[in-house]
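A short write-up of the structure that comes next.
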Number of protein chains: 2
Amino acid sequence: MCVVGLGLIGGSLMRAATAAGRDVFGYNRSVDGVRGARDDGFDASTDLTEVLERAAATHALIVLAVPMPALPGMLQHVAATAPDCPLTDVTSVKVAVLQAVRDHGLLDRFVGGHPMTGTAHSGWAAGEATLFADAPWVLSVDDHVDEHVWADVMHLALDCGSFVVPARSDQHDDAAAAISHLPHLLAETLATTAADVPLAFSLAAGSFRDGTRVAATAPDLVRAMCEANAGPLGSALDDVIALLTRARDRLAADGSVAELVESGHAARTRYDRFDRPQILTTSIGEEGWRESLAAAGRAGAVIRSALRVRGSRG
Amino acid sequence: MCVVGLGLIGGSLMRAATAAGRDVFGYNRSVDGVRGARDDGFDASTDLTEVLERAAATHALIVLAVPMPALPGMLQHVAATAPDCPLTDVTSVKVAVLQAVRDHGLLDRFVGGHPMTGTAHSGWAAGEATLFADAPWVLSVDDHVDEHVWADVMHLALDCGSFVVPARSDQHDDAAAAISHLPHLLAETLATTAADVPLAFSLAAGSFRDGTRVAATAPDLVRAMCEANAGPLGSALDDVIALLTRARDRLAADGSVAELVESGHAARTRYDRFDRPQILTTSIGEEGWRESLAAAGRAGAVIRSALRVRGSRG
């Protein structure tokens, strides 16, 4: 398989897939990243055309692991050099990527993906083979997806230790706004607010550290993921502003924050008790398999061991 | 010394002060808490009058470690039975406590305190002797405070492994709103928002877990601290709503969240680099000592080893 972009996610993927016994080669734009990968014994190059020609020749699965702003340029190269390879990505938004892939005529071989993992660090050196262990890895089950490419990417995610959450791209983006992009903006807001208050940093303890941890993420990465998901994120911000405005008004009028505190605690309790039933019986490729997987994913179910593919043996 | 209330903070304080070689006894309302403390070898009772009489007889430092709503009732008992004992508290707001102490005629012997530590759990069993280690412990330096009581409480905080941040009560409350009460309300808001989105809990990973961790805190405790600090918290909420509204509008108009993301990242970077110079030269009780400590605290300085007290030897 071929990993395009060897930053935190792509670099971790190269390590994890190699550790799982796969044959992996990759491209990175910066010489530093490639040198880091080579020093660690991996097969990496700064020559994009050469890497994509090799992918085309071996019919390798191509994983796009570049930030959203770099994606259209990369798709152009793939369309020119390796248009028939199975293709996936690890970008944190799915509708915008789907549109870009469609624009480049690559939809037939594409299955969007998003491993829900990360750290506040970036670059090859920050990667680790265990980054995906026990993390959700979303695979898109939009109407167009091909069963064989889908099965390929499912195997990759499982090989890396993740469990697979099947989801439609639009539903992924709504959820990602709520549980990833919104937390980033709330962390930025909390850090910004406290910075203006004398004594605040001096007194800051656990709740502030936790609440601002992701504000340490590189601004470009946060912007890239938030701005590529502007629609769902805007709606989530509307919800948050409405909740906070109501809480402020109740606090001023009645001296109470009961409503918000009780709903938040109930929600967090539900989250703590949330468990993920396993999807076992769907065969990839059978009649209605995409709808069936999307419905199961929406209900919280996940794939922990490879599903059967229609027509394949064993 | 005498600890009134043996929950997470009071129970941890009993353990930490005992470990530091102090003679500690305490009161708890619930039989379960007292039984837990006794089973662990501590000196605890459900008889408040007896405990306070013993404090009065031994001129013990009394630490009020009950939730804010229970504080006025407790102050009434202290005023009736042990009005001359040095008195402190560990409550997360300081202006409201100061007012209650004044109302009960106990101001002369009172120095407000707030160890900035905790977990999402509560009750005797949740406590631990190391809870205060390397945590900020605010001591109020309001105009009235007595130098000897202040020195007593400073020694207690240092014995428990904390460092002391001197602060005026009103400045403490502004900072606590920004770095403790606001993070709680943002966590409740994030959990509430995500709970309505299908797939959200299924995809939730690090940023959501961190961002909602404190929403697991018992609602009564969150309400007690937020509602007792309604003024500063209301202002902090105004700031947050203004920042988020501006971010939403910029996202809708220009597709950019650059402003918020960059200010948040800069603030968090400043926080990561924030270091706390040590206060070494002030003598407690010297001319202007309260103002001097408040100014040093406001500038980020802390007390890590006991300051000299004017007129005392060694």
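The values are calculated or read from the model by the stated rules, or taken from the named source; none is laboratory data. For clarity, every value in this text was computed on a predicted model and none was experimentally measured. Virtual Cβ from ideal backbone geometry, glycine too; neighbours counted across all protein chains shown.
Looking for something more than 10 Å from every other protein chain (Cβ to nearest Cβ), out of contact with any Asp or Glu (no Cβ under 6 Å at 6 or more places or on another chain), in a helix (DSSP H, G or I) and without any contact (Cβ under 8 Å) to a residue 60 or more places away in the chain - is there at least one such residue anywhere in region A:186-206? If you could, list the steps in order and put the result at the bottom.
Let us first name the residues in region A:186-206 that are more than 10 Å from every other protein chain (Cβ to nearest Cβ), namely none.
Scanning region A:186-206, I find no residue that is more than 10 Å from every other protein chain (Cβ to nearest Cβ), out of contact with any Asp or Glu (no Cβ under 6 Å at 6 or more places or on another chain), in a helix (DSSP H, G or I) and without any contact (Cβ under 8 Å) to a residue 60 or more places away in the chain, so the answer is no.
For region A:149-161, give me the residue count where each residue is under 16 Å from A:T18 (Cβ atoms) and either in contact with a strand residue (DSSP E or B) (Cβ under 7 Å, 6 or more places away or on another chain) or not charged (D, E, K, R) (or both). Talk me through it step by step, then tell me what you get.
Taking region A:149-161 first, the residues under 16 Å from A:T18 (Cβ atoms) are A:155-161.
Filter once more, so that each one left must be either in contact with a strand residue (DSSP E or B) (Cβ under 7 Å, 6 or more places away or on another chain) or not charged (D, E, K, R) (or both): A:155-158, A:160-161.
Count: 6.
Does A:L98 fit the bill of being of a type outside the set (F, W, Y) and within 15 Å of the chain's Cα centre (by Cα)? The answer is yes for A:L98. Within region B:153-169, is there a residue that is among the aliphatic types (A, V, I, L, M), within 7 Å of another protein chain (Cβ to nearest Cβ) and under 30 Å from A:F274 (Cβ atoms)? So far as region B:153-169 goes, no, none of its residues is among the aliphatic types (A, V, I, L, M), within 7 Å of another protein chain (Cβ to nearest Cβ) and under 30 Å from A:F274 (Cβ atoms). Residues that are in a strand (DSSP E or B) and in contact (Cβ under 8 Å) with a residue 40 or more places away in the chain within region A:1-45 comprise A:C2, A:V3, A:V4, listed in sequence order. I need the full set of residues from region A:233-256 which are under 34 Å from the mean Cα position of the chain (by Cα) and either among the small types (G, A, S) or not assigned by TED's automatic domain parsing to the domain that holds A:L186 (or both), in order please. Across region A:233-256, the qualifying residues are A:G234, A:S235, A:A236, A:A242, A:A247.
Name the one entry in B:A247, B:A242, B:A230 that is out of contact with any helix residue (DSSP H, G or I) (no Cβ under 9 Å at 6 or more places or on another chain), under 30 Å from A:A253 (Cβ atoms) and modelled with pLDDT of 95 or more.
One residue alone meets the criteria, B:A242.
Among the residues of region B:13-66, not one is over 17 Å from B:A125 (Cβ atoms), loosely packed, with under 14 Cβ neighbours inside 10 Å and in contact with a strand residue (DSSP E or B) (Cβ under 6 Å, 6 or more places away or on another chain). If A:N229 satisfies every condition in (1) more than 7 Å from chain B (Cβ to nearest Cβ); (2) more than 24 Å from A:D134 (Cα to Cα); (3) surrounded by fewer than 24 Cβ atoms within 10 Å (Cβ to Cβ) but one, which is the exception? Unmet condition: (3). Taking first residues from region B:129-140 that are without any contact (Cβ under 8 Å) to a residue 60 or more places away in the chain and partners that are among the polar types (S, T, N, Q), the Cβ contacts under 6 Å between residues at least 6 apart in sequence or on separate chains come to B:A135/B:T117; B:A135/B:S162; B:W137/B:S162; B:S140/B:S169. Looking only at residues in region A:268-298 that are closer than 19 Å to A:S169 by Cα and in contact with a Lys or Arg (Cβ under 6 Å, 6 or more places away or on another chain), the one that is nearest to the other protein chains (Cβ to nearest Cβ) is A:A294. Would you check if B:L307 is outside the structural domain of B:L182 (by TED's automatic domain parsing), assigned to a loop (DSSP other than H, G, I, E, B) and aliphatic (A, V, I, L, M)? Judged against the criteria, B:L307 is a match.
Among the residues of region A:257-285, those identified as assigned to a loop (DSSP other than H, G, I, E, B) and loosely packed, with under 15 Cβ neighbours inside 10 Å are A:F274, A:D275, A:P277, A:L280, A:T281. Taking each residue of region A:109-124 that is not assigned by TED's automatic domain parsing to the domain that holds A:D146 and looking for partners that are modelled with pLDDT under 85 with beta-carbon atoms closer than 9 Å, six or more apart or interchain, yields nothing.
When residues in region A:153-169 are screened for being outside any loop (DSSP other than H, G, I, E, B) and crowded, with 19+ Cβ neighbours inside 10 Å, 11 of them pass.
Among the residues of region A:299-314, which ones are within 14 Å of chain B (Cβ to nearest Cβ), closer than 17 Å to A:H148 by Cα and without any contact (Cβ under 8 Å) to a residue 24 or more places away in the chain?
Start the filter on region A:299-314 by keeping residues that are within 14 Å of chain B (Cβ to nearest Cβ), which leaves A:299-304.
Keeping just the survivors that are closer than 17 Å to A:H148 by Cα gives A:303.
Matches in region A:299-314: none.
Within region B:92-121, the residues that satisfy the criterion of being surrounded by 24 or more Cβ atoms within 10 Å (Cβ to Cβ) and either part of a loop (DSSP other than H, G, I, E, B) or charged (D, E, K, R) (or both) are B:S92, B:V93, B:K94, B:G112, B:M116.
Looking at region B:207-218 only, could you name the residues that are more than 7 Å from chain A (Cβ to nearest Cβ) and either free of Cβ contacts under 8 Å to residues at least 24 places away in the same chain or of a type outside the set (V, I, T) (or both)?
Across region B:207-218, the qualifying residues are B:R209, B:A218.
Taking the criterion of being in a helix (DSSP H, G or I), hydroxyl-bearing (S, T, Y) and touching a residue at least 24 places away in the same chain (Cβ under 8 Å), would at least one residue in region B:225-246 satisfy it? Taking every residue of region B:225-246 in turn, at least one turns out to be in a helix (DSSP H, G or I), hydroxyl-bearing (S, T, Y) and touching a residue at least 24 places away in the same chain (Cβ under 8 Å). Looking across region A:125-148, the residues that are in contact with a strand residue (DSSP E or B) (Cβ under 7 Å, 6 or more places away or on another chain) and buried (at least 19 other Cβ atoms within 10 Å of the Cβ) come down to A:F132, A:A135, A:P136, A:W137, A:V138, A:L139, A:S140, A:V141, A:V145. Under the condition of being surrounded by 15 or more Cβ atoms within 10 Å (Cβ to Cβ) and more than 7 Å from chain B (Cβ to nearest Cβ), the residues counted in region A:239-256 number 1.
Against the definition (within 27 Å of B:V302 (Cβ to Cβ), surrounded by fewer than 23 Cβ atoms within 10 Å (Cβ to Cβ) and not assigned by TED's automatic domain parsing to the domain that holds A:D142), how does A:D210 come out, yes or no?
Values: within 27 Å of B:V302 (Cβ to Cβ): yes; surrounded by fewer than 23 Cβ atoms within 10 Å (Cβ to Cβ): yes; not assigned by TED's automatic domain parsing to the domain that holds A:D142: yes.
Yes.
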